[in-house]
Structures are given as structure tokens and as C-alpha cells.
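Quick note: the coordinates plus some simple rules give every number you see, no bench work behind them. Being a predicted model, the structure only gives us computed values, none of them experimental. When we count neighbours, we look across all protein chains shown, and the Cβ atoms used for this are built from the backbone with ideal geometry, even at glycine.
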Amino acid sequence: MTNSWTDIRNTDLVVIMGGNAAEAHPCGFKWVTEAKANRGAKLIVVDPRFTRSASVADFYAPIRQGSDIAFLLGVIKYCIDNDKVQWDYVKAFTNAAYILKEGFAYSDGLFTGYDAEKREYDRSTWDYEIGEDGYVLVDETLQNPRCVWNMLKEHIAVYTPEMVERICGTPKDKFLKVAEMISECSARDKTMTSMYALGWTQHSKGSQNIRSMAMLQLILGNIGVRGGGMNALRGHSNIQGLTDIGLMSNLIPGYLNIPTEREVDYATYISSRGFKPLRPNQMSYWQNYSKFFVSFQKAMWGSAATPENDFAYHYLPKLDLPAYDILRAFEMMDQGQMHGYFCQGFNPLLSFPDRGKITRSLGKLKFLVVIDPLETETSRFWENHGTFNDVDTASIQTEVYQLPSTCFAEDEGALVNSGRWLQWHWAAQNPPGEAKHDTWIMAQLYLRLKKLYQEEGGKFPDAILNLHWPYADPEDPKPDELAREMNGYAVTDLRDPNDPTKVLLEAGKQVAGFGVLRDDGSTACGCWIYSGCFNENGNNMARRDNTDPDATGAYPNWTFSWPANRRILYNRASADLDGKAWDPTRKLIEWNGEKWEGYDVPDIAVTAKPREVGPFIMNPEGQSRLFTRGMMRDGPFPAHYEPFESPVVNVVAPAVRGNPVARVFESDRQSFGDAEEFPYAATSYRLTEHFHYWTKHVWVNAVLQPEFFVEISEELASEKGIDKGGWCRVWNKRGSVHAKAVVTKRIQPLICDGKPVHIVGIPLHWGFTGAAKNGMGPNSLTPFVGDANIETPEFKAFLVNIERSDGPASA
Ligand SMILES: Nc1nc2c(c(=O)[nH]1)N[C@H]1C(S)=C(S)[C@@H](COP(=O)(O)OP(=O)(O)OC[C@H]3O[C@@H](n4cnc5c(=O)[nH]c(N)nc54)[C@H](O)[C@@H]3O)O[C@H]1N2
Ligand SMILES: Nc1nc2c(c(=O)[nH]1)N[C@H]1C(S)=C(S)[C@@H](COP(=O)(O)OP(=O)(O)OC[C@H]3O[C@@H](n4cnc5c(=O)[nH]c(N)nc54)[C@H](O)[C@@H]3O)O[C@H]1N2
Ligand SMILES: [Mo]
């Protein structure tokens with residue numbers, strides 16, 4: 001989230017599109033209720049299904065899954081055509097005026113530079129025109145036909161209300177009503193918040209769905225302000241923390257990057273991370289990259305990371321591919337290139353796409369380690385459960401180890417919520433039976449590996465032998481020790497650069513925040529964005545002071561919000577060019593003539609003059625981007641593409657149907673289907689009563705939602721002779737599932753490109769372990785296709801067929 005959960009109460013309009021917060025985030029949803037009750041805020045829901053969120057909305061509009069870009073670009077076009085633009089914001093705070101390089105163009109669904117063989121773009125033309133002074137050329141009058149604003153207008157011209165209806169199936173009058181309500185938020189004193197989750201991410205162009213809304217929010221002047229923002233509603237209680245601390249194959253904690261194979265040494269690596277400002281006077285905060293990186297290396301390898309050995313840069317793995325995401329991991333297993341798999345807090349047999357492929361791949365492993373408090377389907381993938389897991393056990397040779405771990409209520413530590421708050425919690429229970437903390441398990445693995453390397457040697461033992469392991473009990477590192485390491489500390493005395501006789505912080509003391517980190521090896525910090533969470537004031541994540549001066553929703557002394565306890569990112573943009581709040585009733589920070597002050601920690605230097613330094617400090621532009629240069633693999637502007645499996649053609653670019661850069665493996669192509677054979681548009685989703693595949697182990701939850709079902713419209717049910725509560729079979733080339741039919745008015749057929757499109761909704765909570773009835777879930781059917789930028793699987797849009805059935809043989 002750019003903002004926080006509690007800030008949602010400051011909004012005038014909530015748009016839930018690409019998520020179902022009332023169902024999947026029922027506790028956080030209370031802030032929507034607050035905004036409605038206390039401010040008269042309105043709620044719009046745009047979803048293929050009439051959801052629990054829709055049931056309390058002021059306005060609901062249906063949409064075909066996978067078509068949101070067309071819808072959102074249509075809204076942007078509506079706002080521009082009707083002059084509903086926050087002009088001062090757009091001119092001052094976005095790159096609308098930047099001139100684009102000659103050579104960049106878009107036609108027939110493709111941007112310049114496409115290589116069909118590699119399914120990749122050469123992105124060299126996707127850039128700005130740079131002047132002789134080294135800065136981007138701009139045309140403040142927005143007259144130049146090659147400035148971002150005019151190129152954007154040209155790019156979105158096709159997305160008329162009629163075109164939106166044709167692609168999305170959203171009736172024109174409903175689309176126009178949504179567009180009109182949204183456009184009102186271009187006023188200085190009106191804000192809108194975007195609340196989204198998987199309905200946008202789980203698509204082959206998921207990142208561009210989110211880009212589209214971010215662009216709309218910029219045009220309305222809604223980023224950085226109270227009640228505004230792009231608010232990603234995160235999933236597992238600590239999934240925000242997972243991304244923050246770099247548990248992705250291509251990341252280092254704090255969104256630094258794992259080097260690539262081409263970055264053979266530190267000098268090469270850091271040379272492409274200079275982040276030279278693209279406009280005069282800009283902060284371009286990533287210029288501090290080396291301080292965060294070197295401090296990370298010091299936290300990892302302590303005294304073994306020295307200036308002489310480039311702070312042990314050579315200990316880091318080097319990527320030969322952009323990332324080793326889950327799709328690639330299973331593809332590699334299937335190809336016999338990966339022999340062992342550690343599965344810690346994951347149930348891939350049920351949660352990853354194309355279960356047939358997952359089962360086959362797990363069966364090719366030499367060993368599988370499952371670290372989990374529960375008996376998961378993954379740890380039992382080799383067991384035959386009739387229809388529900390029809391495997392030939394005798395032919396599977398994978399050796400499976402189960403290491404029972406603790407669950408959150410038995411753990412101490414911080415969980416990072418969607419609003420970036422690190423909230424410390426304490427154990428409520430001692431672990432049962434043989435269960436051990438994950439940290440203990442990891443420490444044991446490490447110490448035993450180290451011993452093996454010490455005794456037997458190995459190819460490259462240094463990174464393991466020299467790991468900095470300063471914990472009081474090396475066998476069992478404690479949460480507060482790990483948290484202190486993430487905050488960072490002085491390795492040697494930190495002296496004042498202007499007066500070296502003065503010690504600013506003694507060796508061994510916790511740093512106050514990332515502002516004092518250095519790149520000479522004198523500081524260590526495990527995760528720079530968390531710095532400040534556990535400093536010499538103590539554990540700031542454990543703070544529980546809920547005072548909220550002037551009821552702004554900031555709660556500055558409640559836990560710790562990264563970065564630097566900032567509650568709203570880009571908060572300088574809450575004020576106009578002279579530093580006065582756009583909306584005086586929603587003041588956040590203001591310029592008092594000398595410095596920035598207010599309710600939040602300014603994300604700009606406190607003395608940075610308002611007309612000189614732009615609010616978007618992480619960008620070398622100092623401004624936000626309506627055009628993203630080469631930073632997205634599939635285009636600097638979003639464009640409509642169909643899902644990989646789609647019931648209709650791509651009417652804006654018939655030759656290019658799905659995202660031309662989406663992640664697909666050749667070996668999966670034979671399992672894709674088309675609309676002739678599989679005419680129905682399926683999607684998958686959650687229910688409040690269950691949390692994925694854990695709560696089916698609990699009797700109460702199992703009783704509340706006992707059995708797997710699929711949800712279809714009355715029209716489709718009658719066409720297929722399927723009874724309410726009767727059995728049906730849903731299938732495609734990848735698999736087949738039997739389910740009870742929930743026949744409902746909540747799903748209505750949509751008319752897309754002149755044809756009716758039926759939607760099949762499939763919830764995901766059942767398997768073959770636990771207290772609930774056995775069930776199949778959607779992933780026997782979902783395709784092995786990933787988003788072009790971050791490889792998230794396309795769980796939300798795929799094709800199936802459906803018929804009445806007698807139920808599974810073993811039901
Ligand atoms: N009770 C409960 N809460 C949970 C979870 C749980 O299992 N149980 N899981 C947690 C996790 S890990 C996550 S990631 C979050 C997920 O939170 P959400 O994303 O809100 O959950 P979903 O139900 O998967 O999908 C949300 C909605 O997206 C809609 N949708 C699908 N495709 C599209 C599309 O193309 N466009 C639009 N506009 N809408 C579309 C679906 O119809 C559905 O209503 O929930 C978290 N909260
Ligand atoms: N078709 C379809 N597929 C989907 C989705 C969808 O919308 N549609 N959503 C996707 C999303 S967003 C998600 S997040 C995934 C969820 O997929 P998974 O993460 O695979 O599903 P969970 O059941 O949440 O599995 C988490 C496991 O962690 C264990 N666990 C809990 N606490 C701890 C702990 O402290 N330590 C350890 N070691 N284990 C612990 C739980 O017992 C559980 O078995 O599913 C994805 N798959
Ligand atoms: Mo998730």
C-alpha cells in the first residue's frame with residue numbers, strides 16, 4: 001500500500017476492482033465502512049461476480065475477467081475528454097511533459113522492438129529525449145506531439161465506452177456511471193482510493209493492470225494524499241514482509257537486486273545503479289544504493305566482507321535468467337533439472353497451477369522437504385486418494401521429509417501488514433509435540449551444512465563458512481536478535497565526517513535509521529527499509545500507543561511503518577507547488593517557509609524547497625511516470641491483451657491475442673485450449689470462512705463451508721441441465737473436477753464482442769487432508785502461464801467446459 005488501512009477512512013470514493021475486500025480482508029474492510037459512515041464516501045465494485053463487497057457497494061458494475069486494462073484506459077480517456085484532470089498535479093508531479101525518443105511507437109498490439117522468437121522486446125526506444133545538459137527534454141505547454149501526454153492520448157484513443165463494452169462486457173451505461181463517479185475525484189478536495197489484490201495480479205498482464213490504475217490515480221492527483229493511493233491488499237499475514245526481505249530469487253532485502261551473471265564484479269554491478277537524476281535538483285534516493293548494499297553484505301558476512309574483497313560481492317549467487325520463480329522451479333523439476341525441493345509454509349500441490357504437472361514434477365524429485373505445522377497435500381502427494389489424488393504410489397520414488405514447525409500463534413516476531421506496518425506479536429502457546437520454530441530448523445540446517453563443509457570441503461565453501469552468525473545461542477537465534485540485525489548497527493565508531501574527533505555512534509550501537517548507513521563497511525544492516533524498527537529507543541514494532549493527533553488516521557506511535565515510520569508514501573505530493581495542502585481539510589505535511597512539517601514523516605528532505613525538489617524521490621525524474629520507459633517488460637504504456645485462454649478475440653489487436661511477453665514454456669503449449677472446445681470463462685477465488693488449505697483442518701470452518709462447489713449463472717445451469725445443488729463436471733485439457741453446483745444470480749452472462757460469455761467461478765479451499773469433505777479445487781484446471789513482469793500465474797482467467805454429472809466415483 002502507498003497508504004495504510006487506517007487511512008482508508010479519509011477517502012471520498014473507494015474503488016474495489018481486482019479484489020473482494022469484504023470477503024478476503026473483512027477486518028480491514030471496516031475502514032471502508034468508517035469512510036462510508038463518517039464521510040459519506042461511496043463504494044464502487046467492479047468484479048465478474050456480484051461479491052460480498054458488491055453487496056454493500058453504492059454501485060456495482062460487472063466486468064469480464066482479464067479485461068481491466070481496457071476498462072481503466074477507458075476511464076482515463078473519459079477523464080481527459082471531459083477535462084477531469086488534476087492539472088496542477090499532472091503538470092508538476094508527473095512526466096506528462098517529457099519528450100519521447102524518436103523511434104518509439106505502438107501499432108497493432110505491439111510496441112517497437114518486438115522479437116517474436118524470444119517473446120521479448122528490445123526496449124531501447126522506450127525512453128526520453130535527453131538534452132545536451134544531460135537532462136530530459138520537456139515541453140511544459142504539452143504541445144509537442146511526442147510528449148508523454150500526447151502520446152498517451154493517442155495510445156488510449158481506441159478505448160471508447162463502446163469499445164469498453166465490447167471488450168469487458170460492462171454495459172455502456174454502467175461503465176459511464178463508474179467513469180463519472182471516478183472523474184469527480186480529479187477535484188483538489190476529492191480523493192479516491194484503489195483497493196485491489198489478486199483480481200488484478202493473477203493475470204498474464206497483472207502488473208499492467210495495476211499500472212493502469214496508478215496512472216489514473218496520478219491523473220486525478222490522488223497519490224501521496226490522505227484517502228488516496230494504490231492499496232494492494234496483501235495475502236498471508238506476512239506476505240508484505242516476505243517481499244520486503246527479499247524472499248524472491250532475484251531480490252536482496254529492501255528491494256535491492258541479486259546480481260546477474262553479466263555483473264561479474266562489484267564495480268560493474270554498482271555502475272548501473274548510479275541513478276543519476278534526470279531532472280535538475282532531484283533527490284533520486286536510490287543514489288544511496290551502495291550504502292544499503294554494502295551494509296547488507298556486512299550484516300551477512302561480518303568481518304569477512306572487506307573493502308579489499310569488494311565486501312564479499314563474489315559470495316552472492318549470480319542470476320543467468322531474470323528470476324527463478326515457482327513456475328520455472330516446477331518446469332525445471334519436470335525437465336529433470338531440479339532434484340530437491342524445500343517447501344516451507346507452502347502447499348504447492350493445491351496452490352500452484354496445472355496440478356497434473358505439479359504432481360508429475362514432485363514425482364521426479366529425489367527428495368522433498370516439507371516444513372509445516374500441518375499434514376499438507378504436498379507432503380502426501382504420493383498417496384492415492386481415489387479421484388482426489390489419483391496417483392500410482394508404487395512408481396513414485398521421491399523421498400519425503402516432514403519437519404513439523406510452529407504456527408504464528410506459537411511464534412514471536414513482526415508481521416508486516418499491507419500498510420507496511422511492522423507489528424510485533426508474542427507467542428500465545430508453546431509448540432505442541434515435536435514442532436520447532438522455523439528459525440531453529442533453519443539454524444540446524446545451516447550449522448549441519450557448515451560442519452559438512454568444514455569436514456569434507458566442497459566447491460565454494462566460503463559463503464557458508466564465513467556467514468556472520470552472532471547469536472547468543474547459535475543453535476536457536478531469537479526474534480529480537482534477528483530484528484536488531486535487520487535494523488542495523490555501527491560496526492566501528494561512526495565519526496562525524498566534518499569533525500572526525502566526534503563520535504556520532506559507538507561501535508555496536510543500533511543505528512537510528514537508514515539515513516546514517518555508509519558504504520565503507522562501518523555499518524551493517526540486514527534490510528535497509530526496516531532500519532529504525534529496533535534502534536537505541538528499543539523495539540519500535542512493539543509500540544501500542546494509539547494516539548492520533550487531529551484524527552488523521554496516521555497513528556504515528558503505533559508499531560513502526562517502513563520506511564522511517566512514514567505512513568503515506570510520496571506525502572510531499574499532498575501539497576501543491578508551494579507546499580500548501582491541496583485540500584486544507586486533509587492536510588498531511590506542509591511547507592512552513594523553512595521546512596516541511598505536519599502529521600507524517602516527510603519523505604522529502606525536510607528543508608527541500610517545494611518548487612525545486614519533486615515528490616517522487618525514488619525516481620531519478622523526481623516525478624511520477626505516466627510512461628515507464630523500459631522498466632516494464634511488456635510496454636511503457638499498458639495495452640489490452642486477452643487472457644492466454646480467452647472466450648473472445650482481441651478486438652483491438654486481433655493478430656496479438658495474449659500478452660506477447662507473458663511467461664510461457666514451450667512444453668505447456670499442448671495443454672492450452674480454445675473457446676471452441678472450452679467455451680466458458682473460469683475464474684478462482686476465496687471465501688471468508690476458509691484460509692486457503694489450512695482451515696479445512698478445523699472442524700468449525702469445515703462445517704461453515706463443508707464442500708467444494710462451483711458457481712454458475714441460472715442461464716448456464718439451465719442450458720446444461722445442471723441442478724441447483726446437483727453435481728457437475730468441469731474440465732479442460734489439463735484436468736477434470738467434480739463439484740456441487742451453486743446456481744446463482746450473483747454471476748450473470750456478459751455480452752462480449754456481440755457474444756454471450758458465461759463465467760464459471762471456482763473457490764479454492766479443498767483438498768484431501770483435514771476435516772472438510774474431500775474436494776478438487778481450481779488448480780487441476782488452471783494454466784501454466786505467468787505475468788510478463790513478475791511471473792504471477794494466470795489463476796483468474798482460463799477456459800473450461802462444464803456438464804451435469806453424477807459426482808466423483810469416491811465422493
Ligand atoms: N478468508 C480468507 N481471507 C484471505 C485469504 C483466504 O484464503 N481466506 N487469502 C489471503 C490471500 S493469500 C490473498 S492473496 C488475498 C486475496 O484477496 P482477493 O484478491 O480479494 O481474493 P480473491 O477471492 O482471490 O479474488 C478477488 C476477486 O477478484 C475477482 N476477479 C477475478 N478476476 C478479475 C478480473 O480480471 N478483474 C476484476 N476486476 N476482478 C477479478 C474475483 O471474482 C474475486 O471476487 O486474500 C487474503 N485473505
Ligand atoms: N487457482 C488459484 N490458485 C491460487 C490462488 C488463487 O487465487 N487461485 N491464490 C494464490 C495465492 S495468492 C496464494 S498466497 C497461494 C497460497 O498457497 P499456499 O501458501 O501454498 O497455501 P497455504 O494453505 O496458505 O499454505 C501455507 C502453509 O504454511 C503453513 N504454515 C503456517 N504457519 C507456518 C509457519 O509459521 N511456518 C511454516 N513453516 N509453515 C507455516 C500452513 O500450515 C500451510 O500449510 O495460493 C495461490 N494459488
Ligand atoms: Mo496470496
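How high is the relative contact order of the range 663-804, in percent, counting Cα pairs under 8 Å that sit 6 or more residues apart? Don't skip to the answer; put the middle values down first.
Working: 309 pairs, mean separation 53.3, N = 142.
Taking the mean separation of contacting Cα pairs over the length of the range 663-804, I get 38 percent.
Per residue and in cubic angstrom, what volume does the convex hull of the Cα atoms of the range 365-454 have? Don't skip to the end; give the middle numbers.
Numbers: hull volume 15.4 nm³, N = 90.
In the range 365-454, the Cα hull volume divided by residue count equals 172 Å³.
Quick one: putting +1 on the C-beta of Lys and Arg, -1 on the C-beta of Asp and Glu, what dipole do you get for the range 663-804 around its Cα centre, in Debye to the nearest 20?
Using only the charged Cβ atoms, the result is roughly 440 debye.
Normalised by the residues of the chain, what does the relative contact order come to in percent, with Cα pairs under 8 Å and at least six apart? Let's see the in-between values first.
On the way: 1810 pairs, mean separation 132.1, N = 811.
Relative CO of the chain lands at 16 percent.
For the range 396-511, what does the convex hull of the Cα positions come to per residue, in cubic angstrom?
Working: hull volume 25.1 nm³, N = 116.
Per residue, the Cα convex hull of the range 396-511 comes to 216 Å³.
Would you list the P(r) distribution for the range 114-189, with all Cα-Cα distances sorted into 10 Å bins from 0 and each bin expressed as a whole %?
Reading upward from the zero bin: 14, 24, 30, 25, 6, 0.
Using DSSP to define loop residues, name the chymotrypsin sites (Phe, Trp or Tyr not before Pro) in the range 426-462 whose beta-carbon has at most 16 other beta-carbon atoms within 10 Å. Can you show the working numbers first?
Working: sites: 426, 440, 446, 453; in loops: 426.
Of the chymotrypsin sites (Phe, Trp or Tyr not before Pro), the ones in loops of the range 426-462 whose Cβ has at most 16 other Cβ atoms within 10 Å are 426.
Mind ordering 133-140, 220-227 by average Cβ neighbours within 10 Å, highest first? List each step's numbers first, then the result.
Working: 133-140: 15.1, 220-227: 29.0.
Ranking the peptides 133-140, 220-227 by packing returns 220-227, 133-140.
Provide the descending list of Cα extents for the range 211-288 along its principal axes, expressed in whole angstroms.
For the range 211-288, the Cα spread along each principal axis is 44, 40, 20 Å.
Could you tell me how far the Cα centroid of the range 1-67 sits from the Cα centroid of the range 566-602, in Å?
One Cα centre to the other: 26 Å.
Let me check I have the definition right: for the chain, take the eigenvalues of the Cα gyration tensor, multiply each by 5, take square roots. What are those semi-axes in whole Å, largest first?
Output for the chain: semi-axes of 39, 36, 26 Å.
Can you pull the Kirkwood radius for the range 102-158, inverse mean 1/r over Cα pairs, to one decimal in Å?
On the way: mean 1/r = 0.0769 Å⁻¹.
Over the range 102-158, the inverse of the mean reciprocal pair distance is 13.0 Å.
At a 10 angstrom cut-off on C-beta neighbours, averaged per residue, how do the peptides 146-156, 266-276 rank from highest to lowest?
Sorting 146-156, 266-276 by mean packing, highest first, produces 146-156, 266-276.
I'd like to know which of 252, 551, 294 lies farthest towards the positive end of the charge dipole of the chain, counting +1 on Cβ of Lys and Arg and -1 on Cβ of Asp and Glu.
Of 252, 551, 294, it is 551.
According to the Cα gyration tensor, what semi-axes, each the square root of 5 times an eigenvalue, does the equivalent ellipsoid of the range 1-121 have, listed from largest to smallest in whole Å? Kindly include the intermediate steps, with their values, before the conclusion.
Working: eigenvalues 226, 86, 40 Å².
Result for the range 1-121: semi-axes of 34, 21, 14 Å.
Which value, to two decimals, describes the C-alpha radius of gyration of the range 182-243 once divided by 2.2 N^0.38 Å?
Numbers: Rg = 12.9 Å, N = 62, 2.2 N^0.38 = 10.6 Å.
Compared with the compact-globule rule of thumb, the range 182-243 sits at 1.22.
Where in the chain are the helices, taken as whole DSSP H runs, whose Cα atoms extend 15 angstrom or more along the long axis and whose Kyte-Doolittle mean reaches at least 1.0? Before the final figure, lay out the partial values.
Details: long enough: 68-81 (19 Å, 1.41); 172-183 (16 Å, -0.04); 206-219 (20 Å, 0.37); 289-301 (18 Å, 0.09); 438-456 (27 Å, -0.56).
Both cut-offs are met by 68-81.
Provide the per-residue ³J(HN,Hα) series for the range 461-476, in order, calculated from phi with Karplus coefficients 6.51, -1.76, 1.60 and θ = phi - 60°, each as a whole number of Hz, with x at glycine and proline positions.
Couplings: x, 3, 4, 8, 5, 9, 4, 6, 9, x, 7, 3, 10, x, 6, 7 Hz.
Any idea what diffusion coefficient the range 663-804 gets from Stokes-Einstein, in µm²/s, Kirkwood Rh on alpha carbon pairs, 37 °C, 0.692 mPa s? Let's see the in-between values first.
Values: Rh = 15.8 Å.
Roughly 207 µm²/s, to the nearest whole number.
Would you work out which of 170, 632, 379 lies farthest towards the positive end of the dipole of the chain? Charges go on Cβ: Lys and Arg +1, Asp and Glu -1.
170
Ignoring everything except DSSP H segments at least 4 long, calculate the 222 nm mean residue ellipticity for the chain; use -39,500 (n - 2.57) per segment, divide by total residues, nearest 500. Don't jump to the answer; show the numbers that get you there.
Details: 21 runs with 177 residues, N = 811.
Taken over the chain, the calculation gives -6000 deg cm²/dmol.
Please compute the alpha carbon radius of gyration of the range 274-396, then divide it by the globular-protein estimate 2.2 N^0.38 Å. Two decimals is fine.
Working: Rg = 21.6 Å, N = 123, 2.2 N^0.38 = 13.7 Å.
The reported ratio for this selection is 1.58.
Please give the per residue volume of the convex hull enclosing the alpha carbon atoms of the range 69-136, rounded to a whole number of Å³. Before the final figure, lay out each step's value.
Working: hull volume 9.1 nm³, N = 68.
Here the figure is 133 Å³ per residue.
Through the Karplus equation 6.51 cos²θ - 1.76 cosθ + 1.60, θ set to phi - 60°, convert the phi angles of the range 489-500 into ³J(HN,Hα) values in whole Hz; use x for Gly and Pro.
3J(HN,Hα) across the range 489-500, in whole Hz: 8, 7, 7, 10, 4, 8, 9, 5, x, 7, 8, x.
Give the peptides 524-532, 708-716, 788-796 in descending order of average Cβ contacts within 10 Å, highest first.
On the way: 524-532: 26.8, 708-716: 20.8, 788-796: 23.7.
Packing proxy ranking, top to bottom: 524-532, 788-796, 708-716.
Mind computing the radius of gyration and Dmax over the alpha-carbon atoms of the range 523-594? Å is fine for both.
14.7, 42
For the range 236-307 and the range 463-489, what is the separation of their C-alpha centers, rounded to whole Å?
Each part reduced to its Cα centre gives a spacing of 20 Å.
Under a 5 Å amide H to amide H cut-off, with H placed in plane at 1.01 Å, what residues pair with residue 252 once short-range neighbours are removed?
Hits under the 5 Å cutoff: 257, 258.
So, how do all the Cα-to-Cα distances of the range 95-248 break down into 10 Å bins, in percent, from 0 on up?
Final binned percentages: 9, 25, 35, 26, 4, 0.
So how many Lys-Lys pairs in the range 663-804 land under 15 Å Cα to Cα, not counting same-chain pairs under 8 apart?
Details: 696/773; 720/740; 724/740; 724/745; 740/773.
Lysine pairs satisfying the spacing and distance rule in the range 663-804 number 5.
Counting other beta carbons within 10 Å of each Cβ, put 519, 476 in order, fewest first.
Numbers: 519 19, 476 14.
Ascending Cβ contact count within 10 Å gives the list 476, 519.
The range 167-317: percent of C-alpha pairs farther apart than 22 Å? Numbers along the way, then the final one.
Working: 6847 of 11325 pairs.
When every Cα pair of the range 167-317 is considered, 60 percent fall beyond 22 Å.
Given Cβ point charges of +1 (Lys, Arg) and -1 (Asp, Glu) and nothing else, what value in debye, to the nearest 20, does the dipole of the chain about its Cα centre take?
1200 debye
Could you state the number of Å between the C-alpha centres of the range 689-730 and the range 121-194?
Each part's Cα centre sits 41 Å from the other's.
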